[in-house]
Amino acid sequence: MPARPRQRDIARLAGVSQTTVSLVLNGKSAEHGINRDTERKILAAIKELGYVPNITARALRGGRNGLVGVHSFERLFPTGRDSYYDEFMVGIEEQAIRSGQDLVMFTSMHQEDGDTNIFREGQNRLQIADGAILLGFHRHDDELARLAAERFPFVFIGRRQKVAGVMPYVTGDYHAAVTG
């Protein structure tokens with residue numbers, strides 16, 4: 001199987017430096033004075049080689065990767081129209097499509113005992129995404145507080161009284177629903 005093309009391969013084919021390729025890939029051509037002909041050569045080389053950026057590597061370098069995580073503290077599937085989570089998941093997917101984002105479902109965190117955790121072996125597993133949407137009834141206030149302390153971008157659907165002051169959350173307008 002041939003090796004995956006890299007930026008240096010694009011640079012070689014286009015006759016430019018790897019830095020120039022990187023600037024074009026990151027949408028910074030204009031601000032660094034890269035002319036349109038050079039940009040076209042690079043884009044042609046990308047197409048010819050079938051280059052696809054490694055989004056995980058981009059995220060590790062601190063860039064955004066267009067991935068939004070969805071994590072639940074309990075099982076979401078199987079789901080159906082009568083599932084509590086159905087409307088949430090449909091809404092999350094619709095907004096992701098409108099925003100040009102891809103969703104990543106975090107299901108690997110289910111432990112053998114049926115419990116779920118965001119942190120495994122001390123590591124925040126959600127970090128491969130730009131941010132995350134969290135749902136669930138089970139109480140994991142310590143993990144929510146830790147995410148907020150780490151300044152990881154997330155929002156919790158629902159309200160946790162204990163950590164509501166330190167984390168972002170959205171909740172239904174139950175008062176309007178009951179009185180309206």
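The values are calculated or read from the model by the stated rules, or taken from the named source; none is laboratory data. Every value quoted in this text rests on a predicted model; they were computed, and no experiment measured them. Glycine also receives a Cβ, built like all others from the backbone with ideal geometry; neighbour counts cover every protein chain displayed. Each accessible area value is taken on the protein alone, full model and side chains, heavy atoms only, with ligands, DNA and RNA left out. Shrake-Rupley method; radii C 1.70, N 1.55, O 1.52, S 1.80 Å.
With R₀ set to 30 Å, the beta-carbon distance separating ASP141 from HIS175 gives a calculated FRET efficiency near 0.80.
Annotation for ARG40 and ARG4: the two label points, set 7 Å from Cα along the Cα-Cβ direction, are 3.1 nm apart. Residues whose amide H lies under 5 Å from that of LEU103, counting only those 5 or more places away or on a different chain, are VAL68; hydrogens are built 1.01 Å from N in the peptide plane. Going by accessible surface with a 1.4 Å probe and the largest first, VAL170, VAL70, VAL90 read VAL170, VAL90, VAL70.
Residues PHE156, PHE77 ordered from highest to lowest accessible area at a 1.4 Å probe: PHE77, PHE156. The listed residues LEU135, LEU49 rank as LEU49, LEU135 when sorted by accessible area, largest first, using a 1.4 Å probe.
Among beta bridges from DSSP that stay inside the chain, the antiparallel ones total about 15%. Only Cα pairs under 8 Å and 6+ residues apart enter the sum, and on that basis the relative contact order of the chain stands at 17 percent.
Calculated mean residue ellipticity, 222 nm, the chain: -10500 deg cm²/dmol, from DSSP H runs (n ≥ 4) at -39500 (n - 2.57) each, averaged per residue and rounded to 500. By a 1.4 Å probe calculation restricted to protein chains, THR19 has an accessible surface near 90 Å², given to the nearest 10. Quick one: which residues, 5+ away or cross-chain, put their amide H under 5 Å from the amide H of PHE154? H built at 1.01 Å from N. Distant-sequence amide H within range of PHE154: ALA132. Checking (1) -0.48, -0.88, -1.00, -1.15; (2) -0.33, -0.82, -1.09, -1.39; (3) -0.39, -0.93, -1.15, -1.31 against the coordinates, the calculated log10 I(q)/I(0) by the Debye sum over Cα atoms at q = 0.09, 0.14, 0.16, 0.18 Å⁻¹ falls under label (1). In this structure the amide hydrogen of THR116, modeled in the peptide plane, comes within under 5 Å of the amide hydrogens of GLN111, none closer than 5 places in sequence on its chain.
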